[in-house]
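J.: What follows is a single structure, and I will ask about it in a moment.
The values are calculated or read from the model by the stated rules, or taken from the named source; none is laboratory data. Not measured: the values here are computed from a predicted model. Don't worry about glycine lacking a Cβ; one is built from the backbone with ideal geometry, like all the others, and counts go over all protein chains shown. Just so you know, the surface numbers come from the protein's heavy atoms only, side chains and all, with ligands and any DNA or RNA stripped out. Shrake-Rupley method; radii C 1.70, N 1.55, O 1.52, S 1.80 Å.
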Amino acid sequence: FKDNDALNELQSACREYGQLQDNGFRTIKLYMVVDGQQRLTSLYLLGHVFAACSRSQHVSNLFYVTLRSGVTIPRLIQNPGDDHKFFASLAKQLVSSSPSFSIMSTSSQSQYRLLENAKSMVEWSQSNKITLNFLSSQKFEASIILLDSGFGLTSFMTLNDRGKQLTILEKFKSLLLQYAVDVKDFALTRKLHTEFGKLYRTLDSCIYCGLF
């Protein structure tokens, strides 16, 4: 939780009230994303673009939650902390009346890719008003299918969204996370996410030294 304000707020709220609840005393459920972090992040930001273009007032209810303490945090939390701060600031820019990406300073390749992705979303929204209006209307519907955990792991291990085989490192992480879930060792789950995050961050920075 070090240097991650959102996670620290959740931890403090849990310690103070004994459980996680929003300001309406409704229970807050937490989910750890094993795969699909990039897609989920893109959908989160895209939702902000939709809200800005349609001038919707529902962005706060959909994408943020207010804790009993009165603190409002994003419903999607990134890790490590500096990536989350960048992500949260970027989301606020997307719903502002005049987004200014020039003030956004990146400190890693992951933040740079996130920023470029957001720019592309805004550019697309400005030239595809008709499509955007349809996606923001009640005529557009989406379904969420909850797969059995075993089937979900099997499909992940076999094929990802790019149609390419997963690396040994990705498979290894999946098996470790599945084990942690099976034995209900949530401390181990957090530890795995943290340590693999550090590893991916190190690999990400290797682009500057020409290793890849």
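J.: Taking the residues in region 174-189 that are in contact (Cβ under 8 Å) with a residue 24 or more places away in the chain and not polar (S, T, N, Q) as candidates, determine which candidate is farthest from Asp83 (Cα to Cα).
T.: In this case the residue turns out to be Val181.
J.: With respect to Thr41, is the statement that it is open to solvent by less than 80 Å² (accessible area, probe 1.4 Å), more than 15 Å from Met121 (Cα to Cα) and either without any contact (Cβ under 8 Å) to a residue 60 or more places away in the chain or under 15 Å from the mean Cα position of the chain (by Cα) (or both) true? Lay out the reasoning, then the answer.
T.: Working: open to solvent by less than 80 Å² (accessible area, probe 1.4 Å): yes; more than 15 Å from Met121 (Cα to Cα): no; either without any contact (Cβ under 8 Å) to a residue 60 or more places away in the chain or under 15 Å from the mean Cα position of the chain (by Cα) (or both): yes.
Considered against the rule, which asks whether it is open to solvent by less than 80 Å² (accessible area, probe 1.4 Å), more than 15 Å from Met121 (Cα to Cα) and either without any contact (Cβ under 8 Å) to a residue 60 or more places away in the chain or under 15 Å from the mean Cα position of the chain (by Cα) (or both), Thr41 comes out as no.
J.: Right, here's the next one. State all residues of region 166-180 that are open to solvent by less than 60 Å² (accessible area, probe 1.4 Å) and either farther than 26 Å from Gln11 by Cα or not in a helix (DSSP H, G or I) (or both); if no residue qualifies, say none. Explain how you work it out, then say what you get.
T.: Here is the first cut: in region 166-180, the residues open to solvent by less than 60 Å² (accessible area, probe 1.4 Å) are 166, 169-170, 173-174, 176-178, 180.
Selection gives Leu166, Leu169, Glu170.
Conditions tested, residue by residue: (1) part of a helix (DSSP H, G or I); (2) hydrophobic (A, V, I, L, M, F, W, C); (3) modelled with pLDDT of 80 or more; (4) more than 29 Å from Lys119 (Cα to Cα).
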site	(1), (2), (3), (4)
Glu16	yes, no, yes, yes
Gln19	no, no, yes, yes
Met32	no, yes, no, no
Ser42	yes, no, yes, no
Leu45	yes, yes, yes, no
Gln57	no, no, no, no
Ser60	yes, no, no, no
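J.: Anything in region 181-205 that is in a loop (DSSP other than H, G, I, E, B) and open to solvent by 80 Å² or more (accessible area, probe 1.4 Å)? List them, or say none.
T.: Lys184
J.: Any residue that is modelled with pLDDT of 75 or more and in a helix (DSSP H, G or I) - is there at least one of those in region 135-149?
T.: The answer is yes, given that some residue of region 135-149 is modelled with pLDDT of 75 or more and in a helix (DSSP H, G or I).
J.: Still on this structure, please answer the following. Checking Lys92 against (1) open to solvent by 20 Å² or more (accessible area, probe 1.4 Å); (2) assigned to a helix (DSSP H, G or I); (3) touching a residue at least 40 places away in the same chain (Cβ under 8 Å); (4) not β-branched (Val, Ile, Thr), which test does it fail?
T.: Among (1) open to solvent by 20 Å² or more (accessible area, probe 1.4 Å); (2) assigned to a helix (DSSP H, G or I); (3) touching a residue at least 40 places away in the same chain (Cβ under 8 Å); (4) not β-branched (Val, Ile, Thr), Lys92 violates only (3).
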